[in-house]
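All remarks here apply to the structure that follows.
The values are calculated or read from the model by the stated rules, or taken from the named source; none is laboratory data. Bear in mind that the values here come from a model prediction, so they are computed numbers and not experimental data. Glycine also receives a Cβ, built like all others from the backbone with ideal geometry; neighbour counts cover every protein chain displayed.
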Amino acid sequence: MSAQAQAVAFFMHDLGQVEIDAIAKVFAGPILTTGSTVGEFEKQFSKLLNCKYTLGVTSCTGALHMSLLALGVGPGDEVITTPMTFIASSTAILEAGATPVFIDVEAETGNLDATKIEAAITAKTKAILPVHLYGQMCDMSAIRKTADKHGLFVIEDAAHCVEGERDGIKPGQLGDTACFSFYATKNLTCGEGGAVVTNNDELYQKLLLLRTHGMTKTAADRSVEGYKHWDMKVLGWKYNMDNIQAAILLPQIERLSATWDKREKLAQYYESRLQGIKGVVRPSNHTGVKHAWHLYPIWIEGGKRDHFIEQLQRRGIGVMVNYRAIHLLTYFKETLGVEAGAYPVAEKIGDATISLPFYPGMPFSDADLVVAALREIAA
């Protein structure tokens with residue numbers, strides 16, 4: 001039997017007239033590519049994260065790739081990271097010419113286990129790339145301490161974690177860079193897009209060149225200054241955000257606290273109603289954490305995850321899997337030669353996880369339908 005027409009959507013954006021008006025303002029001007037609207041977004045995002053610099057880019061993948069290149073990570077180098085993540089965390093490492101080295105994750109959260117980093121460090125290790133899974137920050141204090149002890153860089157994959165904090169620390173405050181996604185389902189979205197933040201002056205200048213082909217002048221520069229000869233100083237990439245994307249993002253920054261409040265209330269509503277459902281487990285939240293609540297995952301015990309997915313979809317409930325352990329995907333198995341069983345905690349989570357419908361405007365009545373379906377399937 002195929003899935004029914006969707007009764008509960010997995011995600012719905014909250015974009016509307018205010019974003020349309022912002023786009024219209026860009027259309028009324030001469031610059032559609034990187035310009036003053038991107039500059040204003042970068043200013044507001046830096047303020048939000050309490051970081052010195054932001055660069056708007058085309059994706060979190062691009063932000064990760066640029067960060068690695070700017071920090072000199074390349075062929076022959078190793079980057080310690082997690083197998084419990086979206087593939088881009090590791091493909092960016094491969095695109096830089098380096099090798100991802102996985103370590104297992106915390107059983108209670110799914111985040112990279114900071115206590116396992118030191119044992120994975122070799123003479124080739126150049127950086128650590130933690131991922132703030134689901135919206136809960138990794139132990140950045142411990143990660144930074146280990147990195148400093150061994151002279152390593154830290155690049156945060158904060159795609160899930162715009163609003164996150166841990167012990168008063170936000171993404172980008174302890175990492176050399178932190179990288180963000182504005183993909184269609186993210187807490188801030190412009191369909192596609194991303195950002196990289198840093199507090200390092202020299203690193204910012206390198207990133208600025210890498211974002212636009214390594215060129216010293218942009219189209220916006222030419223519109224203000226007139227044509228002046230430009231140079232290409234490094235081999236860069238085409239990763240620059242445009243004014244249209246920035247226009248969509250700016251109004252959302254203004255209401256980000258309000259939308260986080262809605263997700264927090266929805267998460268607590270789910271938490272209270274999921275109690276006692278046989279075989280359904282929730283990841284834990286560490287003390288001292290402000291969860292960004294990008295996703296609301298559950299873990300299904302007893303090898304029944306796929307049965308639950310099938311039955312939820314038959315009832316018209318939209319679900320996703322975030323994520324299967326990526327070292328078991330064909331490309332990584334063939335490229336890195338990692339065997340099943342190498343990272344048992346990540347594999348267990350990857351075989352158990354389901355992301356439930358979750359977005360700021362989701363009615364509590366829809367959450368009731370989801371919980372009722374889970375109870376029925378589990379019975």
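Residue check: is Ser223 part of a helix (DSSP H, G or I), of a type outside the set (A, V, I, L, M, F, W, C) and not assigned by TED's automatic domain parsing to the domain that holds His65?
No: the conditions fail for Ser223.
Name the single residue that is nearest to Ala127 (Cα to Cα) among those in region 154-198 being in contact with a helix residue (DSSP H, G or I) (Cβ under 6 Å, 6 or more places away or on another chain) and of a type in the set (Asp, Glu).
The residue in question is Asp157.
Which pairs turn up if I take residues in region 338-360 that are over 11 Å from Phe10 (Cα atoms) and look for partners that are assigned to a loop (DSSP other than H, G, I, E, B) and basic (Lys, Arg) with beta carbon separation below 6 Å, at least 6 apart in sequence or on another chain?
Sorted first by the residue in region 338-360, then by its partner, the pairs are Gly350/Arg324.
Being at positive phi and not aliphatic (A, V, I, L, M): is that true of Gly97 here?
Taking the combined requirement at face value, the residue satisfies it.
What are the residue pairs meeting all of these: first residue in region 24-45, first residue closer than 29 Å to Gln173 by Cα, second residue among the aliphatic types (A, V, I, L, M) and part of a loop (DSSP other than H, G, I, E, B), Cβ atoms under 6 Å, and 6 or more apart or on different chains?
Here the result reads Val38/Met241, each pair linking region 24-45 to a residue that is among the aliphatic types (A, V, I, L, M) and part of a loop (DSSP other than H, G, I, E, B).
Would region 326-344 turn up any residue that is within 24 Å of Thr189 (Cβ to Cβ) and surrounded by fewer than 18 Cβ atoms within 10 Å (Cβ to Cβ)?
No - not one qualifying residue is present in region 326-344.
Which pairs have Cβ atoms under 7 Å, sit 6 or more apart or on different chains, and link a residue in region 286-303 that is of a type in the set (Asp, Glu) to one that is part of a loop (DSSP other than H, G, I, E, B) and at pLDDT 95 or above?
Glu301/Gly279; Glu301/Ala352
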